[in-house]
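To start, the structure under review is shown below, and the notes come after it.
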Amino acid sequence: MDRTGLLIILSSPSGAGKSTLARRLMEWDPALGFSVSATTRSPRPGEVDGQHYHFTSQQEFRAMVEAGQMLEHAEVFGNFYGSPRAPVETAMREGRDTLFDVDWQGGQQIRASALGGHVVSIFVLPPSLSELERRLRARGQDSAEVIEGRMEKSRAEISHWAEYDYVLVNDDLDETEARLRAILTAERLRRDRQGGLGTFVKRLMEEDRR
């Protein structure tokens, strides 16, 4: 049955497992698309335009924002980041879902957009702040000062948990992935998202009159 594609927002503080869960979800359903962000920062070694980011100039980015072509956008350390609207609308029309890896501010903007009625938002929590800090330190990528800053930002992120449709505690990666799959399956099967359901039921009822 025909249906309009969903906008799936997945948010979490850094280190809670969001990126791993997003990758697993897309491996489970290869038809699930990922929203590739646009950015004004320069490409890093190995990054491919259109795959990792859509690299644009600040002038181009601002023009897209003014034209309403961004679902959400933000400035981070002097560079702009945002989610282009056109690819998402195309996917929706074709019945394909799009996954967004955004923070609570990006999630707010998408929910407030004209496409907000098609949003399913999920927030992933760590089992504890001490475990979150342990995961960040285990990466071995950041200094103690950077980790302290990430933890402060994490507390701010977590304070917005109640704005989401679903909240999952990632105490076991496999179980959390299973719950994510269940959420997506249930949301796809909602009556109001099955576009051809009314026509199907009408034909079904007419069988008795033949």
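Would you mind classifying the range 69-152 by shape? Square roots of the alpha carbon gyration tensor eigenvalues, ordered a ≥ b ≥ c; an a/c under 1.5 is rounded, otherwise it is prolate if a/b is larger than b/c and oblate if not. Walk me through the intermediate numbers first.
Values: a/c = 2.77, a/b = 1.96, b/c = 1.42.
The shape class here is prolate.
Once you have a ≥ b ≥ c as the square roots of the Cα gyration tensor eigenvalues for the range 1-90, tell me rounded if a/c is under 1.5, and otherwise prolate or oblate according to whether a/b is larger than b/c. Please list the in-between numbers first.
Numbers: a/c = 1.85, a/b = 1.30, b/c = 1.43.
It is oblate, given that a/c is not under 1.5 and a/b is not larger than b/c.
Skipping prolines and chain starts, which residues have an amide H placed within reach, meaning under 5 Å, of the one on VAL167, given they are 5 or more residues away or on another chain?
Amide H neighbours of VAL167, under 5 Å, 5+ apart: PHE123.
Amide H of PHE34: which non-local residues (sequence gap of 5 or more, or other chain) have their own amide H closer than 5 Å, using H built in the peptide plane?
LEU99
Using alpha carbons only, how many angstrom separate the centre of the range 1-77 from the centre of the range 128-163?
If we compute the Cα centre of each part, the gap is 22 Å.
What is the range 154-203 by shape, rounded, prolate or oblate, if you read a ≥ b ≥ c off the alpha carbon gyration tensor as root eigenvalues and call it rounded for a/c under 1.5, prolate for a/b larger than b/c, and oblate otherwise?
Working: a/c = 6.60, a/b = 2.19, b/c = 3.01.
Oblate is the answer for the range 154-203, as a/c is 1.5 or above yet b/c matches or exceeds a/b.
Treat every Asp and Glu Cβ in the range 125-173 as -1 and every Lys and Arg Cβ as +1, leave all other atoms uncharged, and give the resulting dipole magnitude about the Cα centre to the nearest 20 debye.
Roughly 200 debye for the range 125-173.
Among PHE100, ALA112, GLY149, flag the residue with its Cα farthest along the positive direction of the charge dipole of the range 87-179, charges on Cβ as +1 for Lys/Arg and -1 for Asp/Glu.
About the Cα centre, the residue reaching furthest to the positive side is ALA112.
With n ≥ 4 as the cut-off for DSSP H runs, can you work out [θ] at 222 nm for the chain, using -39500 (n - 2.57) per run divided by the number of residues, rounded to the nearest 500?
Details: 8 runs with 88 residues, N = 210.
Mean residue ellipticity at 222 nm (helix-derived): -12500 deg cm²/dmol.
Tell me, what does the Kirkwood hydrodynamic radius of the range 1-53 come to in angstroms if you use every pair of distinct C-alpha atoms?
Numbers: mean 1/r = 0.0740 Å⁻¹.
Over the range 1-53, the inverse of the mean reciprocal pair distance is 13.5 Å.
With 10 angstrom as the radius, rank VAL146, VAL120, VAL102, VAL169 by how many other C-beta atoms surround their C-beta, starting from the fewest. Spell out each step's value before the answer.
Working: VAL146 11, VAL120 20, VAL102 24, VAL169 14.
Taking fewest neighbouring Cβ atoms as first place, the list is VAL146, VAL169, VAL120, VAL102.
In a GNM of the chain with a 10 Å cut-off on Cα contacts, which of GLN108, GLN51, GLN69 has the highest mean-square fluctuation?
Result: GLN51 has the largest fluctuation of those listed.
Dividing the Cα convex hull volume of the range 50-116 by residue count, how many Å³ per residue is that?
Working: hull volume 6.7 nm³, N = 67.
Expressed per residue, the convex hull around the Cα atoms of the range 50-116 is 100 Å³.
Given Cβ point charges of +1 (Lys, Arg) and -1 (Asp, Glu) and nothing else, what value in debye, to the nearest 20, does the dipole of the range 1-150 about its Cα centre take? Show your work: numbers first, answer last.
Numbers: 16 positive and 19 negative charges, 51 e Å.
Computed about the Cα centre, the dipole is about 240 debye.
Taking only Cα atoms and a 10 Å spring cutoff, compute GNM fluctuations for the chain and point out the largest among ARG41, ARG111, ARG139.
Among ARG41, ARG111, ARG139, the largest GNM mean-square fluctuation belongs to ARG139.
Whole-Å semi-axes of the range 108-168's equivalent ellipsoid, largest first, each the root of 5 times a Cα gyration tensor eigenvalue? Before the final figure, lay out each step's value.
Numbers: eigenvalues 164, 31, 18 Å².
Semi-axes from the Cα gyration tensor: 29, 13, 10 Å.
Where the Cα atoms of the chain are projected onto their three principal axes, how long is each span, largest first, in whole Å?
Each principal axis gives a Cα extent; for the chain these are 75, 43, 31 Å.
Please state the relative contact order of the chain as a whole percent: Cα pairs under 8 Å, 6+ residues apart?
Values: 289 pairs, mean separation 67.2, N = 210.
Computed over the chain, the figure is 32 percent.
I need to check one value: relative contact order of the range 32-135, counting alpha carbon pairs closer than 8 Å and at least 6 residues apart, in percent. All intermediate terms of the calculation are to be shown ahead of the outcome.
Details: 114 pairs, mean separation 28.1, N = 104.
Once normalised by length, the contact order is 27 percent.
Laboratory data are not the source of any read-out in this text; all were calculated from the coordinates shown. From a predicted model like this one, the values you see are computed outputs, not experimental measurements. Please note: Cβ atoms are built from the backbone with ideal geometry, for glycine as well, and neighbour counts cover all protein chains shown.
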